[in-house]
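What follows is one structure encoded as structure tokens, with my remarks underneath.
Any read-out appearing in this document is the output of simple, stated calculations on the displayed coordinates, not a laboratory observation. As the structure is a computational prediction, the values presented were derived from the model and not from experiment. Glycine also receives a Cβ, built like all others from the backbone with ideal geometry; neighbour counts cover every protein chain displayed.
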């Protein structure tokens, strides 16, 4: 059992950056987190079952656009990775960053969390600090960890410590990142000592905000993204109303945001993507239903956002019918990542749009997105990718229309407008009115 003296020694180990850290899961959350601790001076071991990631890290080849090859190479002496769970046993601190998706019925899939707990059951975890960063419903961390601790015959807060700090990664965001140390970290612990250790650790890479308990921290993460999905759903619904009234919704939003209080701007788009907005709210919906509460607001906003790809393809079809184009339609989809200036394809609305167009058997689809990796592009073998270097008058004139789904910064939109027959813009790239541009 760790007594006060040993607890103080653990704190000194963290404070002096002598504590060894293992990050389990090296995706969009785990890899930047691992490098942030390595940059701060800790020795970090990254664990992942995906051999592609392990080999890429060893070769200093980043598979995430928000992490540069230079960043990987710079801290390679402090950061090693493997698929060997026994290497995790050598750490003082274990941080779990595995995916927590939902299924087609919007129900939680926590198989990755279970797999991690099964892996941890094979090694010694006594006297370690274990922290979850995974997003899920309030109660998840304790539901999965407490039975595990009981089987290990350990006592939380005495000879093992449990913390929770929800991830706040925003792929492609050039202004805020863990690397810049300007994203505050919510921290929590199962006991006061658990919180104290968790707070001390994260204070080395960011400012920390402590909350009362783990469930509150889990709820906070969901609250952040429920706020976004509800407001995006609202503005997507108002987009339909403004279109009928021949009002540019973007002009209205930009005017409204000049109010210095009581208003936060949200913009319509092709739908929502990534692992947060389309997923997180439904963890709470599922948990609330278990408690006898129907979260109508969350479900309705989700339905509105999910309808956007279909509404967009319907408008494309109406345009083509009006112009008597019924088959062999050539189109260029511009930007398929779920958000600007990143390579993240998870639940991207562009994928839904492409799927709808492809199933109609009328379209020959080309894609422009230089942010996407070669490995990711290999999943789209039936479609032709073109580089931004090939965006010219000759090539653009071949398409019946171009559809801007994601407005990456590295694209020359003026050339696209100038030489395309028709451009459908879901992101308000073009601030002026043009004959061949339709805000969709």
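Roughly what angle does helix 280-290 make with the longest principal axis of the chain, taking Cα atoms, 0 to 90 degrees, to the nearest 10?
Its long axis makes an angle of about 70 degrees.
Just to be sure I understand, if you calculate percent of Cα pairs over 28 Å apart for this structure, which of (1) 67; (2) 48; (3) 55 do you get?
Label (3) holds the value from this structure.
To make sure I understand, if each residue's beta carbon is the centre and we count other beta carbons within 10 Å, what order do 243, 294 fall in, fewest to most?
294, 243
Using mean Cβ contacts within 10 Å as the protection proxy, how do 76-86, 421-431, 343-353 order, highest first?
Output ranking for 76-86, 421-431, 343-353: 343-353, 421-431, 76-86.
Quick one: helix 140-152 against the long Cα principal axis of the chain, what's the angle to the nearest 10°, folded into 0 to 90?
30
Need the C-alpha centroid separation for region 133-157 versus region 275-347, integer Å.
Rounded to whole Å, the Cα centres lie 34 Å apart.
For the ranges 269-282, 6-19, what's the packing order if you count other beta-carbon atoms within 10 Å of each residue, average per peptide, and put the highest first?
Going from most to least packed, we get 269-282, 6-19.
At 222 nm, what value in deg cm²/dmol follows for the chain if DSSP H runs of at least 4 each add -39500 (n - 2.57) and the sum is divided by all its residues, to the nearest 500?
Calculated at 222 nm, the ellipticity per residue is -12500 deg cm²/dmol.
Taking the highest mean first, how do the peptides 380-386, 364-370 order by number of other beta carbon atoms within 10 angstrom per residue?
Packing proxy ranking, top to bottom: 364-370, 380-386.
Report the FRET efficiency, 1/(1 + (r/R0)^6), for residue 256 and residue 114, where r is their Cβ-Cβ distance and R0 is 60 Å, rounded to 0.05.
So, using R0 = 60 Å, E works out to roughly 0.85.
I want the antiparallel fraction of DSSP beta bridges within region 4-216, as a percent rounded to 5.
So the antiparallel bridges in region 4-216 amount to around 10 percent.
Within 10 Å of each residue's Cβ, count the other Cβ atoms and sort 331, 97 from fewest upward.
331, 97
Quick check on the chain: of the DSSP beta bridges with both residues there, what percent are antiparallel, nearest 5%?
Of the beta bridges lying entirely in the chain, close to 5 percent run antiparallel.
Nearest 10 degrees, 0 to 90: what angle lies between the long axis of helix 111-120 and the longest principal axis of the chain (Cα atoms)?
The angle comes out near 30 degrees.
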